[in-house]
1. Could you please give the count of residues in the range 437-469 that are among the basic types (Lys, Arg) and under 17 Å from Val415 (Cα atoms)?
2. Within the range 130-148, can you find the residues that are of a type outside the set (Asp, Glu) and in contact (Cβ under 8 Å) with a residue 24 or more places away in the chain?
3. Please tell me if Trp236 is over 30 Å from Val426 (Cα atoms), in contact (Cβ under 8 Å) with a residue 12 or more places away in the chain and not assigned by the TED database to the domain that holds Ser381.
4. Residues that are over 30 Å from Pro10 (Cα atoms) and hydrophobic (A, V, I, L, M, F, W, C), at least 2 per element: which helices (runs of 4 or more DSSP H) completely within the range 284-403 meet that?
5. Going by what's in this entry, would Lys9 be described as touching a strand residue (DSSP E or B) at 6+ places or on another chain (Cβ under 6 Å) and of a type in the set (Lys, Arg)?
6. Examine the range 436-448 for a residue that is free of Cβ contacts under 8 Å to residues at least 24 places away in the same chain, in contact with an Asp or Glu (Cβ under 9 Å, 6 or more places away or on another chain) and in a helix (DSSP H, G or I), and state whether such a residue exists.
7. Could you grab me the full set of residues in the range 299-351 that are more than 21 Å from Ala516 (Cβ to Cβ), free of Cβ contacts under 8 Å to residues at least 60 places away in the same chain and surrounded by fewer than 13 Cβ atoms within 10 Å (Cβ to Cβ)?
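The values are calculated or read from the model by the stated rules, or taken from the named source; none is laboratory data. Please read these numbers as outputs of a predicted model, since none were measured by experiment. As a convention, Cβ positions derive from the backbone with ideal geometry for all residues, glycine included, and neighbour counts pool all protein chains shown.
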Amino acid sequence: LYLQNLPSKPVHLNTTLQAVAVQVRIKTLTTVCSIYLPPSQTIQQSELDALVRQLPPPFIILGDWNGHSSFWGSTDSNARGLQIEKLMSDQNLCLLNDSSHTFFHLPTRTFHTLDLALCSPSLVAKWNFNVDNNLYNSDHFPLILTLSSNDVILPKRPSRFIFDKANWQLFQELAELTTEMIQLADINDAVNAVTECIIKAAEASIPKSSGKLKRIGKPWWNEKCAEAKKAQRKAWDRFRRYPTTDNFILFKHAKAIARRIRRQSQRHSFESYVNSIRSRISSKVLWEKVRKMLGSYSGQTISVLNSDGQVISDAKAIADTLGKAFAAVSSEESYPRNFVNLKKQEEMKTISFTSFPEEAYNADFTFQEFQNSLNESHPSSPGPDGIHYHLLKKLNDRSLNIILSLFNRIWNEQVYPVTWGKAFIVPILKVGKDPQEPTNYRPIALTSCLSKLMEKMVNKRLVYILEKKGLLSKFQSGFRYGRGTQDNVLQLETAIREAFITKKHLVSVLFDMEKAYDRSWRYGILKDMYNMGFRGKLPIFIKNFLQTRTFQVRVGDILSEEFIQKEGVPQGSVLSVVLFVIKINGIIHQLPPYGPIALCQSSISFLNAPTLTLYGYVTFKQVLFP
């Protein structure tokens, strides 16, 4: 196990020994190897030498070596100890251990030194060695290595508001918005004034987390467990100071009591969990409880990157490298050359949405629309402005009406705030992909919640018109109300069954569009909306929404340089899904009525927005001789 907030990468070892290794960025890229040598197993000297040669320097090797030697404080020496001494001499290794004992032999009540910390010579002066005096229900004491200098800056989690400890009455008093704020000449100044007022009120009334990683407790741990643990620790400390038989018996008794209390608590917690399961419980909630019971929590680790043969281990450099990779994907260079030529020709034609037909979707937003969108908002991470949905929901009606007036001003003046076009990107590793490759991460955009709230209202109007006028293909099921991707799976299954019954062959071709959101053609989206008949404020808002978007990659609490997203729609934005659906909707018109294998009864289905499936029946002759 290693900290998730440290840039790291695993080191693959070719050995039969029980050893694992990882490279971790601690000031410099350092290899940490954990090893266990069973006392009853014969270890060849060549195996130990081969293991050390595989470790990228500088390195630290920690583990249970099961060797005795006067070199590290043992009263006697054994063959394993002499073997370790030879390894240190041959491989030029240094010992970090002091005279502290690391093992307690329960039957004989004696202390020994079996756990060693070996390292490269360059690390000796940089690390201090200590041994914890608590066994933690084991027979080995934990080894603790600390850096000699305290100038290491480790990435932390971004600081967050602790809403459970908020003074909401004070927040509402301080977050009283005024009409003067939104009447400033520049819309950007008005947005900044509203944002600043809300954030200042939150900082004065809501405590924030430190950002440090905390140990997540077990759900079954309670006050009785804590008291039993305290009593066991007290008995152990007494035995360490006065190692008498009576004190040893008291320690074993306290340890047994603590073990029994923990087991009872685990059993009662599990019974309570089982009794809480109902038929209507969602799978998400169910598995969250299972993970809590097991103490398993998933987290995004920071991996060392490999870019053009260069190892990137500094957190800031990792963020910049990912930012360059994301920016490159959304740039024109990622498109095929023939499409770039077509793109340039098409973009010379101006798309004008400036005519204002009397359409309901161009009207000012009502408070009912605003309130519904706010109520439907789920807790999500805030964007660069720091405003959380939870803060907006705690504002009084007067302040909410002022925000609505600000939205309508943006809507009517057709100016999209600059700060709303900025995003923090959280890189999420794609399943089964190499974490050291920068292009294997999915960029999830954290944008302003104020912007997303307005997007929700615009999106509802947009979706309503698309569905009412039948502007989307009947084959498109992804991200549509009353439909789902399971519909297409069932259609394909039905076609397969029909092929069996009618003794025909069914051919299915599935397309997965890689980086579909990041490469979506913005001008093409606007052109499709124009061809669908959209005019006025709604398409103009979307046009402004797509223009001049920038982002910074966030690794822990460290931000990259600012990059420009030249094409594509931001993943994580409210409007992005529908805009992508609009663009991909036109692909059906580009397909011939019959495919390259002469589909007799062709069908098309979108299993998901970036996934396209074609299937149809063919005769046996067509399969052999297309």
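1. Total meeting the criteria: 1.
2. The answer is Asn130, Val131, Asn133, Asn134, Leu135, Asn137, His140, Phe141, Leu143, Leu145, Leu147.
3. Numbers: over 30 Å from Val426 (Cα atoms): yes; in contact (Cβ under 8 Å) with a residue 12 or more places away in the chain: yes; not assigned by the TED database to the domain that holds Ser381: yes.
Yes, satisfied.
4. 337-347, 367-375, 389-393
5. Numbers: touching a strand residue (DSSP E or B) at 6+ places or on another chain (Cβ under 6 Å): yes; of a type in the set (Lys, Arg): yes.
When the stated conditions are applied, Lys9 passes them.
6. Yes.
7. Asp308, Gly309, Gln310, Asn341, Lys344, Gln345, Met348, Lys349, Thr350
Condition check ((1) farther than 30 Å from Lys252 by Cα; (2) touching a Phe, Trp or Tyr at 6+ places or on another chain (Cβ under 7 Å)) across all residues:
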| residue | (1), (2) |
| --- | --- |
| Leu82 | yes, no |
| Phe111 | no, yes |
| Leu116 | no, yes |
| Pro121 | yes, no |
| Ala125 | yes, no |
| Asp132 | no, yes |
| Tyr136 | no, no |
| Ser149 | yes, no |
